[in-house]
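What follows is one structure encoded as structure tokens, with my remarks underneath.
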Amino acid sequence: MGVILIGMMGSGKTTVGRLLASRVGGNFADLDDLVEERAEMSVREIFETQGEAKFRALEREALSSVRLDERSVLAAGGGTPCNSVNLVQMRKMAPLAYLRVPVNLLVERLADAPSVRPKLDSGIEAAIRELLKEREEIYETADFVVDASASPSIVVEDLRGRLGW
Ligand code: S3P
């Protein structure tokens, strides 16, 4: 069994996922990276030249290409589970773990790196609040909801306990 990390931009899916995989000897994949490799373009370039709908189609294709081995970890994009077809597929692939982080901390973390995330171009705090309002209900349906405001190491140990890894 593997695990899929979901949650908002800035919740630490990539950092925590990488660390978790390395601690348990599993593979790590980041869905945005897979999209970028397949498209040979950055997420920002895809949004800017082809629009969000195209990005979502590429994200869907990339998700379909993922095979999760024992103890492998997939960091989804923030919007990945918001497509109901993706969500059904993700549930079949592995348990879902929601990395929950309060808005103020997300904003603080994202303030450093907004330029790689086109969904934040209109202003970080307003965008995060709006997206979280739309998405929280979906995120909360995960198999595990983890407090991800702590350091990555602590979040990883919490996940390992829940997964029995
Ligand atoms: C998005 C999150 C990003 C990336 C894209 C859209 C979103 O991934 O997929 O910019 O809609 O929340 P991260 O959550 O890994 O930043």
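The values are calculated or read from the model by the stated rules, or taken from the named source; none is laboratory data. Everything numeric in this text was worked out from a predicted model, so none of it was measured. Reconstructed Cβ throughout: ideal geometry from the backbone, glycine too, with neighbour counts over all protein chains shown. When the accessible area is computed, the model is the full protein with side chains, heavy atoms only, and any ligands, DNA or RNA have been set aside. Shrake-Rupley method; radii C 1.70, N 1.55, O 1.52, S 1.80 Å.
Just the residues that are more than 13 Å from LEU96 (Cβ to Cβ) and in a helix (DSSP H, G or I), please, taken from segment 1-30. The answer is THR14, THR15, VAL16, ARG18, LEU19, LEU20, ALA21, SER22, ARG23, VAL24. The helices (runs of 4 or more DSSP H) found entirely in segment 86-165 that carry 3 or more residues being in contact with an Asp or Glu (Cβ under 9 Å, 6 or more places away or on another chain) are 103-110, 152-163. For the residues PHE47, PHE55, the requirement of being within 12 Å of the ligand (Cβ to nearest atom), in a helix (DSSP H, G or I) and buried (at least 19 other Cβ atoms within 10 Å of the Cβ) singles out PHE55.
For segment 85-125, a residue qualifies if it is polar (S, T, N, Q) and either within 14 Å of the ligand (Cβ to nearest atom) or in contact with a Cys (Cβ under 8 Å, 6 or more places away or on another chain) (or both), and the qualifying residues are ASN86, SER115, SER122.
Sort out which residues of segment 66-106 are without any contact (Cβ under 8 Å) to a residue 40 or more places away in the chain and farther than 21 Å from ARG38 by Cβ, and write them in order of number. Spell out how you get there, then give the answer.
If we filter segment 66-106 for residues that are without any contact (Cβ under 8 Å) to a residue 40 or more places away in the chain, which is where we start, we get 66-67, 83-86, 88-89, 91-92, 103-104.
Matches in segment 66-106: SER84, VAL88, ARG91, LYS92, VAL103, ASN104.
Quick test for you: out of SER11, SER22, pick the one residue that is open to solvent by 20 Å² or more (accessible area, probe 1.4 Å) and either within 14 Å of the ligand (Cβ to nearest atom) or hydroxyl-bearing (Ser, Thr, Tyr) (or both). None of the other options fit; the residue is SER22. Taking the criterion of being polar (S, T, N, Q) and either under 21 Å from SER153 (Cα atoms) or touching a residue at least 40 places away in the same chain (Cβ under 8 Å) (or both), the only residue of segment 107-123 that qualifies is SER115.
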